[in-house]
1. Test of understanding: what is the full-extension gain from K141 to T3, defined as 0.36 nm times their sequence separation minus their Cα-Cα distance?
2. Which one of V27, V68, V157 has the biggest mean-square fluctuation once the chain is modelled by GNM with Cα springs under 10 Å?
3. Once the piece of chain linking E85 and V27 is laid out straight, how much longer is it, given 0.36 nm per residue of separation minus the C-alpha distance between them?
4. If every alpha-carbon in the chain counts as one equal scatterer, what log10 I(q)/I(0) does Debye give at q = 0.09, 0.13 1/Å?
5. Could you work out which residue, out of L18, L150, L139, moves most in a Gaussian network model of the chain, that is, has the largest mean-square fluctuation with Cα springs under 10 Å?
6. May I ask you to compute the full-extension gain from Q119 to Q148, defined as 0.36 nm times their residue separation minus their alpha-carbon distance, rounded to one decimal in nm?
7. When only DSSP loop residues count, what trypsin sites (Lys or Arg not before Pro) in segment 112-173 have their Cβ near at most 15 other Cβ atoms within 10 Å?
8. Taking +1 at the Cβ of each Lys and Arg and -1 at the Cβ of each Asp and Glu, which of S4, G114, M31 sits farthest along the dipole of segment 3-173 towards its positive end, judged by Cα position relative to the Cα centre?
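Values in this text are rule-based calculations from the coordinates and carry no lab data. These figures come from a predicted structure and were not determined experimentally. Note: ideal-geometry Cβ built from the backbone for every residue, glycine included; neighbour counts use all protein chains shown.
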Amino acid sequence: MNTSSLLFLIVRPLHVLLAAVWIGSGVFMGMVLMPTIEASGPAGGAVMIGMNRKGLVPFFASLAGITVLTGIYLFWRFTGGFDPEISRSHAGMAFGIGGVAGILAAIIGGSVVGRASKQLVEIMTRATSMPDGAEKAGLMKTAEGLRQRLKSAGNIVLVLQVIALILMALGHYI
């Protein structure tokens, strides 16, 4: 077996595994954990702070980044070095559009979801040590806006991930 084939046999399952963990984690966060945190009121802030300390943002960034990089390698290999003729085939277009959806999911996840998560944790950390009053109420209002941004962007990321997943699953059969 040559080196190129061995690399492919390592990268492809790694890509699929990381994508599955990334999507599964996103679904869990968006559909289970975040609604539970929201329903918990002020105690939810402590959960967000704890998740941040455990490295939630770097975890998602690593999953997204490595998934995208391995996907770019796989697309490059599939198209024989980004050959436009192969890229214009039905399979090439399916993988290409799926790849763009995955890249957009990573960009939105990092630039909007990740940033909003960090800001939300900073605000909740400050607010937990403050007495009730106008300043704390202002922080909590800001936190609510960040939660809504996180929720909306997270939903967009999930839709893009599902688009990527479907196109990747069907690419060879189109």
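1. Result: 44.1 nm gained on full extension.
2. Of V27, V68, V157, the Gaussian network model singles out V27 as fluctuating most.
3. 17.3 nm
4. So the normalised log intensities work out to -0.39, -0.69.
5. L139
6. Fully extending the segment from Q119 to Q148 adds 9.2 nm.
7. Those that pass, being in a loop and sparsely packed, number zero.
8. Working it through, the farthest residue towards the positive pole turns out to be G114.
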